[in-house]
1. So which residues in segment 128-161 are surrounded by 20 or more Cβ atoms within 10 Å (Cβ to Cβ), over 15 Å from the mean Cα position of the chain (by Cα) and either more than 23 Å from A37 (Cα to Cα) or of a type in the set (A, V, I, L, M, F, W, C) (or both), if there are any at all?
2. Here are E114, E174: which of them is assigned to a helix (DSSP H, G or I) and closer than 30 Å to G49 by Cα?
3. Report yes if L125 is of a type in the set (A, V, I, L, M, F, W, C), under 23 Å from T170 (Cβ atoms) and either in contact with a Cys (Cβ under 8 Å, 6 or more places away or on another chain) or surrounded by fewer than 19 Cβ atoms within 10 Å (Cβ to Cβ) (or both), otherwise no.
4. Starting from segment 106-118, keep only residues that are without any contact (Cβ under 8 Å) to a residue 12 or more places away in the chain and of a type in the set (A, V, I, L, M), then list their pairs with residues that are surrounded by 12 or more Cβ atoms within 10 Å (Cβ to Cβ) and in a helix (DSSP H, G or I) whose Cβ atoms are within a distance under 8 Å, requiring at least 6 positions of separation or different chains.
5. Which ranges mark the helices (runs of 4 or more DSSP H) fully within segment 1-111 that have 2 or more residues being in contact with a Leu (Cβ under 9 Å, 6 or more places away or on another chain), open to solvent by 50 Å² or more (accessible area, probe 1.4 Å) and at pLDDT 95 or above?
6. Before we move on, is V177 touching a Ser or Thr at 6+ places or on another chain (Cβ under 7 Å), at pLDDT 90 or above, open to solvent by 30 Å² or more (accessible area, probe 1.4 Å) and not polar (S, T, N, Q)?
Amino acid sequence: MQFWKKAKQGESQRESESAMAASATPPHGAADTSSEALVRALVTSLADGTTATADGLRGLSADQLDEIERDQPAPLAAAYACFLRLVGDGAGHFFQGSDVFYPHVIGLREAADELLSENQEPFRLHTSDRVIFMHQGYQFEFLRGDGPDPEVWTYSEGDAEPSRVYIRFTDWLEANVRQEREAWARLVPWYEAEQQKPSDERRVYFYRHHPDGSVTDEL
């Protein structure tokens with residue numbers, strides 16, 4: 001779903017809670033940290049009470065994972081498969097407004113190929129590439145390379161060619177978790193505070209566009 005926002009700066013105790021959760025995330029290179037262990041730690045840190053709650057982390061079944069794997073020619077890398085098992089059905093506000101989760105992840109490869117064709121790009125995705133993210137139909141990101149924790153590449157409408165943005169899927173996930181937790185730690189308190197004011201005094205608005213075409217004022 002899409003949402004637009006107009007906000008003013010503010011502070012909240014939830015920001016300190018977010019920082020505490022982030023401090024529990026093991027750094028890359030820790031001797032006992034595999035890519036899947038890092039994915040689990042990052043997903044756990046999303047349940048900060050603002051970005052998501054613990055019961056808002058919704059994983060996928062084995063059958064749903066099989067459906068996702070069959071949808072594209074590339075196999076599921078271990079780190080990405082772990083992410084889908086843990087939160088492939090959604091994680092609160094995380095990645096709100098983008099196609100990352102089931103069932104919207106189904107068909108992303110086809111949508112990416114169509115975008116490239118529409119823009120008459122000379123390059124094409126490899127059969128070993130797996131599209132994992134699309135935003136508003138004009139940008140997508142995909143895994144490239146072998147191994148359990150492959151590179152992440154991105155293409156946006158108007159780019160001359162795709163570019164590598166992260167050398168590991170877990171780097172991509174870590175960066176997005178950090179950025180979104182910081183953003184929602186500010187946005188949610190602003191929205192809640194403004195909701196308590198008379199409508200003519202409010203300065204923060206969130207408009208959610210639903211699939212049926214309706215629009216509501218909500219986060």
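The values are calculated or read from the model by the stated rules, or taken from the named source; none is laboratory data. Just so it is clear, the structure is predicted and the values come from calculations on it, not from any experiment. With ideal geometry, Cβ positions are generated from the backbone for all residues, glycine too; neighbour counts draw on all protein chains shown. Note: accessible area is taken over every heavy atom of the protein model, side chains too, but ligands, DNA and RNA are not part of it. Shrake-Rupley method; radii C 1.70, N 1.55, O 1.52, S 1.80 Å.
1. Those that are surrounded by 20 or more Cβ atoms within 10 Å (Cβ to Cβ), over 15 Å from the mean Cα position of the chain (by Cα) and either more than 23 Å from A37 (Cα to Cα) or of a type in the set (A, V, I, L, M, F, W, C) (or both): D129, Y155.
2. Numbers: E114 fails: closer than 30 Å to G49 by Cα.
Result of the check over E114, E174: E174.
3. No; evaluated as a whole, the condition is false for this residue.
4. Every condition considered, no pair remains.
5. Values: elements: 13-23, 35-46, 62-71, 78-87.
Here the list reads 35-46, 62-71, 78-87.
6. Numbers: touching a Ser or Thr at 6+ places or on another chain (Cβ under 7 Å): yes; at pLDDT 90 or above: yes; open to solvent by 30 Å² or more (accessible area, probe 1.4 Å): no; not polar (S, T, N, Q): yes.
The answer is no for V177.
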